[in-house]
1. Which of the following residues is at pLDDT below 70 and either within 16 Å of ligand 1 (Cβ to nearest atom) or touching a helix residue (DSSP H, G or I) at 6+ places or on another chain (Cβ under 7 Å) (or both): 482, 420?
2. When segment 590-613 is examined, which residues are found to be assigned to a strand (DSSP E or B) and buried (at least 24 other Cβ atoms within 10 Å of the Cβ)?
3. Mind listing whichever residues of segment 259-276 are modelled with pLDDT under 95 and either surrounded by fewer than 18 Cβ atoms within 10 Å (Cβ to Cβ) or within 16 Å of ligand 2 (Cβ to nearest atom) (or both)?
4. Which one of the conditions (1) at pLDDT 85 or above; (2) outside any helix (DSSP H, G or I); (3) within 16 Å of ligand 1 (Cβ to nearest atom) does residue 618 fail to meet, given that it meets all the rest?
5. Give segment 575-589 a look and list any residue that's within 11 Å of ligand 1 (Cβ to nearest atom) and surrounded by 24 or more Cβ atoms within 10 Å (Cβ to Cβ), or say none.
6. Kindly indicate whether residue 225 is under 26 Å from residue 59 (Cβ atoms), buried (at least 19 other Cβ atoms within 10 Å of the Cβ) and at pLDDT below 85.
7. Cβ-Cβ below 8 Å, separation at least six or inter-chain, first residue in segment 290-311 and more than 30 Å from residue 639 (Cβ to Cβ), second in a helix (DSSP H, G or I) and within 16 Å of ligand 2 (Cβ to nearest atom): which pairs?
8. Any idea which residue in segment 342-354 is surrounded by the fewest Cβ atoms within 10 Å (Cβ to Cβ), counting only those that are touching a helix residue (DSSP H, G or I) at 6+ places or on another chain (Cβ under 9 Å) and at pLDDT 95 or above?
Ligand code: ADP
Ligand code: MG
């Protein structure tokens, strides 16, 4: 697509002015901004407040409500400097409203203490909470007011910006203010055509930006705080439009490429006949859709959504057979080594009897084994290549990759998906593929169901099919929620279950990024359970173990030599041991719904009745309670996804690595979902009538990310 077809109006250039043009923004500060992707004035205009502080009015101490931020003014009544476990300064304020407010400081300087002479007028802002004697505010922002000072209340809400490392909040607010002083008039700023804007009855971009950055006293504060103010809706609409356009364009560009025609069905038919089970109706339907796509000379871009256990792997294997039957290669990439290994084991069992040659590539494959695998991939000796991210690494060259399959794609970003595709591209690659390049087909699979409205936006560049049926004979998993205090009963129950020949998972979770800490916790649990259950055969898997050890433990569990497998969330995605029928998840209150659903999906895969015990620590927050309740009530991934969207919003739902959706500045897909039909319609009209405007909207909001969109 051409960059702006007509010369941009001179004023628009103001938006591109580098930040160093602002007084007080030297190269060092500009660097801090750049680290956050903020380079020019326009980036600061779009850096919106995440909160507001209302200093336009004073609240009487007697009227303060716990948990609600407010501004208060009063005189110092008493000061107490103490030292219990650490130094503390308590300042009691009185404003004549027959209630006292305590300001509490844990870090303070001597000069601060001296400020608070009894009788001094102090104005402070913060959120009051119940304290030892009445309400208190910990570390309020405050200032001392001279007795002769006039009211001095602001007439606009104070914006609070997302913090930027290395730039103080005051400087940040000042610089954004300066950038706004240079905001040009609508004629230079507005991109939406006037007829469209009039129909939407939303403010202009300039009005909207000013209302959001500098809301006056008369603005609807509640709406602003809730994100439903017309100004925010206007910005959200443009932002959603930009993201949608960028994905749509990506699809258009993608479909201009060519792809190998894979239309030989005989090998897939042989695999299907050799399987120990018939395909479900849904599996057959989705495979037919894929086969139809693969038979065309344009690249397939298809997402297969299927709840945990719906049988996506076999559909992927069938698709791979179309590539192999045409003398070409297929690759299957999984996000974890454990899952990739399991795929390898399954595919070996299914494909080797058909004479299909496989290769295995993971990060841990090194030395001679790696060279051999690389040679097999490069020469075409390997027809199906299974692995992890290692598949995308430099030095991996395919002979003639025709189908790239990405499992659990929500664990990967768009970049990684494209990187695997580019491995198979034929023709020169100079930072972007030529239009007539031949690229592999792409099949991406996910077990994270996404509500329809979201899917339309998140995957505007993909066709979506759903495997919406589970293989027959599965019984729903019965889910119980249990207070951690009842752990001894639970351990006894596990003992009984194992004595009856059942197999169980005991999942240790911690919200900790460090594998090491989590592994340690799992180790401790493993030892405790070992001591409590002498007759039970225990195994342990965690992320810090050697791959070979992990693999042999999993094999022993699958083979029934281990009764109880203590594990970290490494088993979360994809692991398939049909005989396991009991799962305990510790600290379940700390996990999100999608993760709980994935974990629980490890049981209920065989014919035995299965159960899942969610163990929580009190007290439960309202959200955690709602999550556990949802898990107890339903096993339907789509219902859980809707609930998840409601409870935590789509940015998290899709994972922060989901480029193109996470990191919205204003839009919130849960809140603004009703804008989506309009967004889709607008996008079609712009692409048809004003492609140059579409381009500028994408550049404005998606910026750098648009660079790969044309890849
Ligand atoms: P997921 O969609 O979660 O990736 P898997 O592909 O791991 O699911 O399949 C789950 C289990 O169901 C596997 O043991 C697989 O062999 C089995 N399976 C797949 N399709 C069928 C079917 N049509 N009938 C019975 N079992 C099936
Ligand atoms: Mg799977």
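1. Step by step, each of 482, 420 is checked, and only 420 is at pLDDT below 70 and either within 16 Å of ligand 1 (Cβ to nearest atom) or touching a helix residue (DSSP H, G or I) at 6+ places or on another chain (Cβ under 7 Å) (or both).
2. 612
3. Once the filter is applied, which keeps residues that are modelled with pLDDT under 95 and either surrounded by fewer than 18 Cβ atoms within 10 Å (Cβ to Cβ) or within 16 Å of ligand 2 (Cβ to nearest atom) (or both), segment 259-276 yields only 276.
4. The one condition residue 618 does not meet is (3).
5. Residue satisfying the conditions is 575 alone.
6. Against the criterion (under 26 Å from residue 59 (Cβ atoms), buried (at least 19 other Cβ atoms within 10 Å of the Cβ) and at pLDDT below 85), residue 225 does not qualify.
7. Matching pairs, first to second residue: 291/319; 294/319.
8. By that ranking, first place goes to 353.
The values are calculated or read from the model by the stated rules, or taken from the named source; none is laboratory data. Model, not experiment: these values are computed from the prediction. Note: ideal-geometry Cβ built from the backbone for every residue, glycine included; neighbour counts use all protein chains shown.
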